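*Asks:* If you scroll down you'll find the structure; I have some questions about it.
The values are calculated or read from the model by the stated rules, or taken from the named source; none is laboratory data. Everything numeric in this text was worked out from a predicted model, so none of it was measured. We place every Cβ from the backbone using ideal geometry, glycine too, and count neighbours over all the protein chains shown. Note: accessible area is taken over every heavy atom of the protein model, side chains too, but ligands, DNA and RNA are not part of it. Shrake-Rupley method; radii C 1.70, N 1.55, O 1.52, S 1.80 Å.
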Amino acid sequence: MIHLSGPGRPGPDLKELIGKVALGDQNAFGGLYDAVAGPVLGLVRRVLRDPAQSEEVAQEVLLEVWRKAGQYRSERGEVMAWVLTIAHRRAVDRVRAAQAAADREQRIAAASHAPAYDEVSEQVEGRLEREQVRRCLKGLTELQRESLTLAYFRGCTYPQVADLLGVPLGTVKTRMRDGLIRMRDCLGVGA
């Protein structure tokens, strides 16, 4: 039986060819290949949109047709529909595999990305440092503590600190220097 393969051209009987392919007939496979390779590649290209991958998947499809020709059942549909179903499934599988790989790479990249700092750790560390500074400030004399507090926490200059505390400028400078040395020793900061 001869079917039309194109406009006005007779084509091979695909059912007859697939039957022979199922028996291992390589010449029959050549004829089947010639009849279905174009439509297979076209369908796969529409799904994948990548010429190199499309050719690879089309080869896989045709190899599967060679291996599984004995599984074709004529009562379930035409040979071309069976082959194109295999092609579509393979192409969709390739798209899904590529998407799964991209998702997996994205998850791995996100998991391996270490944040610049640990916010909770930074908050705890800051709180501990503030408490240590408060503790060390309590170990200073009243004049040292007031001088340092005015200069470092309120932004006053040496002359402003001297005016606010009502003591000579030289006394403020000496008390602040002594207070800073004691703070440095208390906090364990190297000289």
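*Asks:* Residues of the range 124-156 being among the hydroxyl-bearing types (Ser, Thr, Tyr) and open to solvent by less than 70 Å² (accessible area, probe 1.4 Å), which ones?
*Replies:* Thr141, Ser147, Thr149
*Asks:* Name the residues in the range 159-178 that are under 15 Å from Gln144 (Cβ atoms) and among the acidic types (Asp, Glu), would you?
*Replies:* Listed by number, the list holds a single entry, Asp178.
*Asks:* Kindly evaluate Leu48 against the criterion of being at negative phi, within 37 Å of the chain's Cα centre (by Cα), open to solvent by 30 Å² or more (accessible area, probe 1.4 Å) and among the hydrophobic types (A, V, I, L, M, F, W, C).
*Replies:* no
*Asks:* Taking Ala109, is it within 30 Å of Leu41 (Cβ to Cβ) and open to solvent by less than 100 Å² (accessible area, probe 1.4 Å)?
*Replies:* Judged against the criteria, Ala109 is not a match.
*Asks:* Show the residue pairs meeting these rules: Cβ distance below 7 Å; 6+ apart or different chains; first residue within the range 13-29 and assigned to a loop (DSSP other than H, G, I, E, B); second residue among the basic types (Lys, Arg).
*Replies:* Taking only residues 6 or more apart or on different chains, not a single pair turns up.
*Asks:* Show me the helices (runs of 4 or more DSSP H) entirely contained within the range 40-154 in which 1 or more residues are in contact (Cβ under 8 Å) with a residue 24 or more places away in the chain and farther than 30 Å from Val167 by Cα.
*Replies:* 51-68, 79-112
*Asks:* Would it be correct to say that Gln160 is polar (S, T, N, Q) and touching a residue at least 40 places away in the same chain (Cβ under 8 Å)?
*Replies:* no
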